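Step one of this worksheet: look at the structure below.
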Amino acid sequence: SFDPLIDSSNFTPEIWVKVADTIERNYDLFDGFVILHGTDTMAYSASAVSYMLENLSKPVIFTGSQLPVGLVRTDGRENIIASLELAAERENGAAVIQEVCIYFNNKLTRGNRTTKVSTENFSAFRSPNYPPLVDVGLHLKFNYANISQNNGDRQLKVHRQFDNNVAILKIFPGLSRQYVRSILNTEGVRGVIMETFGAGNAPTSRWFLDELKEYIDRGGIILNVTQCSGGTVEMGLYETSREMISIGIVSGQ
């Protein structure tokens with residue numbers, strides 16, 4: 001338990017480093033780790049920590065609750081108990097789960113494939129592009145084909161450096177040149193995540209493409225990701241994304 005306790009909305013990369021350091025310090029002492037976390041930024045934390053822990057061969061499971069654990073109808077108790085049981089599962093002397101995950105409402109999902117989709121339902125998280133690792137009912141149903149298996153002989157390596165100089169450019173009908181320019185010209189921004197339509201499509205206006213190219217020519221990186229909750233970017237599939245390839249935009253597929 002960190003002191004002081006931190007609301008998940010106040011999480012920063014420095015807190016992620018503290019989480020990873022705690023796991024590293026205790027890595028040889030425990031079979032797995034369960035992290036109790038607020039739901040608002042749980043998906044961000046699980047994703048970040050998954051890339052920080054290289055050669056992970058033990059489970060790191062994030063969980064929490066939609067209702068406070070002190071309430072009668074809380075979902076927290078079941079989430080915590082199931083997470084602990086999953087973190088302790090072993091076969092042939094090795095952990096069954098060897099990656100960073102999120103457990104919520106009877107599903108264990110890959111941490112960097114999961115997002116929060118509801119503020120009201122107990123099924124608050126969803127993994128739209130990757131199937132669950134475990135379905136929890138009367139029995140634990142492990143979907144072994146979807147679970148990452150690592151070489152336990154490799155030593156855990158923790159990556160601690162983050163670059164916060166990233167911006168998000170959300171595409172919408174009627175966006176102005178001033179709006180695009182204000183984001184791309186923000187001082188210090190080294191990378192831009194561009195949220196596009198459908199399979200990676202965006203306006204083909206000359207001014208729009210010129211602004212993107214100018215930013216890339218200055219050394220910036222633009223990553224093209226879809227606004228859709230499911231599916232992937234397929235740059236070049238439609239005319240509205242073909243020219244983005246030629247100016248150096250990276251597919252976030």
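Applying the selection to region 178-206, what residues are more than 26 Å from Leu237 (Cα to Cα), over 21 Å from the mean Cα position of the chain (by Cα) and open to solvent by 60 Å² or more (accessible area, probe 1.4 Å)?
Gln178, Tyr179, Arg181, Ser182, Asn185, Thr186, Glu187
How many residues does region 29-67 hold that are under 16 Å from the mean Cα position of the chain (by Cα) and of a type in the set (D, E, K, R)?
Residues meeting the conditions: 2.
Right, Tyr44: assigned to a helix (DSSP H, G or I), open to solvent by 40 Å² or more (accessible area, probe 1.4 Å) and in contact with a His (Cβ under 8 Å, 6 or more places away or on another chain) or not?
Answer is no for this residue.
Residue by residue through region 207-216, note down the ones that are open to solvent by 60 Å² or more (accessible area, probe 1.4 Å) and either within 29 Å of the chain's Cα centre (by Cα) or of a type in the set (A, V, I, L, M, F, W, C) (or both).
Trp207, Lys213
So, in region 220-253, how many residues would count as being more than 27 Å from Asn112 (Cα to Cα), part of a loop (DSSP other than H, G, I, E, B) and open to solvent by 30 Å² or more (accessible area, probe 1.4 Å)?
Here the count works out to 1.
Tell me yes or no: at least one residue of region 1-16 is at pLDDT 95 or above, surrounded by 18 or more Cβ atoms within 10 Å (Cβ to Cβ) and either in contact with a strand residue (DSSP E or B) (Cβ under 9 Å, 6 or more places away or on another chain) or aliphatic (A, V, I, L, M) (or both).
No, region 1-16 contains no residue that is at pLDDT 95 or above, surrounded by 18 or more Cβ atoms within 10 Å (Cβ to Cβ) and either in contact with a strand residue (DSSP E or B) (Cβ under 9 Å, 6 or more places away or on another chain) or aliphatic (A, V, I, L, M) (or both).
Just name the residue that is farthest from Ala82 (Cα to Cα) out of those in region 24-33 that are open to solvent by less than 50 Å² (accessible area, probe 1.4 Å) and in contact (Cβ under 8 Å) with a residue 60 or more places away in the chain.
Going through the qualifying residues, I end up with Tyr27.
The values are calculated or read from the model by the stated rules, or taken from the named source; none is laboratory data. As the structure is a prediction and not an experimental result, all values here were calculated from the model. In this analysis, Cβ positions are derived from the backbone assuming ideal geometry, glycine residues included, and neighbour counts consider all displayed protein chains. Just so you know, the surface numbers come from the protein's heavy atoms only, side chains and all, with ligands and any DNA or RNA stripped out. Shrake-Rupley method; radii C 1.70, N 1.55, O 1.52, S 1.80 Å.
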